[in-house]
Amino acid sequence: MTLTEVVVALAIVGLILAGTVIGYINCANASVKAELEQAGNAKAMERLEATHCAIWAPFRATPVDQLVASNFPDLEVSLDQPGTNLTGTVATIKTTIASISTNPPMRSVHIDCIWQFQGQEWMTNSVETILVSQQ
Amino acid sequence: MARGFTLPEMLIATAIFSMVIAGILVVNLFGLRMSQVVQAKANVTAWSRLTMERLQNEIHACNSAQLGTVSNGLFSGLLDGEVQQGSALLLYPSAGNTNYILYFVNSADQTLRRATEQPNSTVILANFVTTSEPFSAQDMAGNILTNNLNNRVIHVALEFYQPAYFTNDSDYYRFETSIKQRVLP
């Protein structure tokens, strides 16, 4: 067995081991990403549910309209609870409210939860609904 | 005649073989550790999705909801005028108080539990819950209310303590969401 053969054999073994380790790390990262995506979705849903609290009653004797963008400004939230060995991921929640129809009065509410995964990939969790005015 | 291996050749070959085996062992141990971490995270993710979906559906569809505390197995509701934050959430799926669903944190063993009017229906949903008052009623701006305003959102904020396991340090996790009752009385 020559030195070249030994070096080539070691290189092959090294590549296999490195591939296995990278596979495990990617698996763990995918799990963390899924966890953050779920947290991002929960945060977006949280804001969407909050918009349901807004009173929008244009047909009252004194019309009330709380379902406007100024009542739901951009919000910075943490997607996880930083512990002993984790860094928190900060997300920005953006709310867009648009009129769809005036008769009957309908508006679309679109929520984006924007965050960055491990300082590299930008992610957005979006939810949307259509609200009809209250009587 | 073919010559055999010399002692140095055998020693070097054995050393290389040992290093390769050691490398494979280290990688497998690393994989085992990562597998445990991933499995724990996947279980928590799956659990929280299922539990929160059920809680969400039950709040959306309930006839009325009340916040309060549970002491010695008895629910005590918060009064109008009190800060609407407590360790328990009582849901009435229909008119009348016959049927109910109760979510509460049992501070004695740090568990989140769900109970109904049926006997022996209490189940533990989560362990290591460190939040003593996870349920609150908020307005659209996220302020905790001090009245029983029906146009409110139920906010759930749960913190969990993850004890140290294998070679992982202990850690904290947080799950937070808001759910608005759809059927207003």
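The values are calculated or read from the model by the stated rules, or taken from the named source; none is laboratory data. Model, not experiment: these values are computed from the prediction. Here the Cβ is made from the backbone with ideal geometry for all residues, glycine too, and neighbour counts use every protein chain on show.
Annotation: of all residues in segment B:163-185 being in a strand (DSSP E or B), at pLDDT 70 or above and touching a helix residue (DSSP H, G or I) at 6+ places or on another chain (Cβ under 8 Å), the one that is farthest from A:Ser78 (Cα to Cα) is B:Lys180. Kindly indicate the residue of segment B:26-51 that is polar (S, T, N, Q) and within 8 Å of chain A (Cβ to nearest Cβ) and also nearest to A:Val32 (Cα to Cα) among those meeting that condition. For segment B:26-51, the residue satisfying everything is B:Thr45.
In segment A:52-68, the residues that are surrounded by fewer than 13 Cβ atoms within 10 Å (Cβ to Cβ) reach residues that are aliphatic (A, V, I, L, M) with C-beta atoms within less than 7 angstrom, at least six apart or across chains, in these pairs: A:Pro63/A:Ala57; A:Val68/A:Ile97. Based on what the data block shows, is B:Thr111 under 30 Å from B:Gln39 (Cβ atoms), touching a residue at least 24 places away in the same chain (Cβ under 8 Å) and either surrounded by fewer than 18 Cβ atoms within 10 Å (Cβ to Cβ) or more than 9 Å from every other protein chain (Cβ to nearest Cβ) (or both)? So B:Thr111 does not fit the description; no. Give me a count of the residues in segment B:30-55 that are over 30 Å from B:Gln181 (Cβ atoms) and hydrophobic (A, V, I, L, M, F, W, C). Selection size over segment B:30-55: 7.
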